[in-house]
Amino acid sequence: MNLAERAANQINGNHLVIPRRALGISFDDYWFNIARPGESTALHHHSQKATLPGVYYLQVPPSSGNIQFPVGDGRNYEIPVEAGLMVIFPSCVRHAVGRNESDEERVSMAFNLHRLPIEG
């Protein structure tokens, strides 16, 4: 989480944090995703209160699905994911994750970075 905050602050130029109780904030805004074989994540975007969402990949078997961003005409910009990769993007950007075609679980931690002071 500290790495994500440092990277986001370099990108955004503002003081951003991932809300979590460990910082004295009343809520956590991070979660773990486990995509089992055959699972995917539908197209969505994150809260407008969040400045930058992101994802950090912990376990990525081959063919377990890449993060996809629609670019129009039914096409996607796809980022090949691997363990240790972090992707951060604006909260209004819609994204999805492809189907896990492997026989193993894909594991990631997703999060939302918020500008201080946090409205909750």
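None of the figures in this text is laboratory data; all of them are computed from the coordinates on show. Treat the numbers as computed from the prediction; the structure is a model and nothing was measured. Because the Cβ atoms are built from the backbone with ideal geometry, glycine has one as well, and the counts that use them run over all protein chains shown.
Taking label positions 7 Å along the Cα-Cβ direction at both N33 and L116, the computed distance is 2.8 nm, reported to one decimal. For the chain, the longest principal axis of the alpha carbon atoms and the long axis of helix 2-12 meet at an angle near 80°. At full extension, S63 and S47 could sit 2.9 nm farther apart than now, given 0.36 nm per residue minus the alpha carbon distance.
Scaled against the 2.2 N^0.38 Å expected of a compact globular protein of N residues, the Cα radius of gyration of the stretch 31-110 reads 1.05. In this simple spin-label approximation, M86 and H15 carry label points 7 Å from Cα along the Cα→Cβ vector, and these lie 1.9 nm apart. Calculated mean residue ellipticity at 222 nm for the chain: -3000 deg cm²/dmol, from DSSP H runs with n ≥ 4 weighted as -39500 (n - 2.57), summed, divided by the residue count and rounded to 500.
The charge dipole of the chain, taken about its Cα centre with unit charges on the Cβ atoms of Lys, Arg (+1), Asp and Glu (-1) only, comes to about 400 debye. Fully extending the segment from S40 to N2, taken as 0.36 nm per residue of separation minus the present Cα-Cα distance, adds 10.9 nm.
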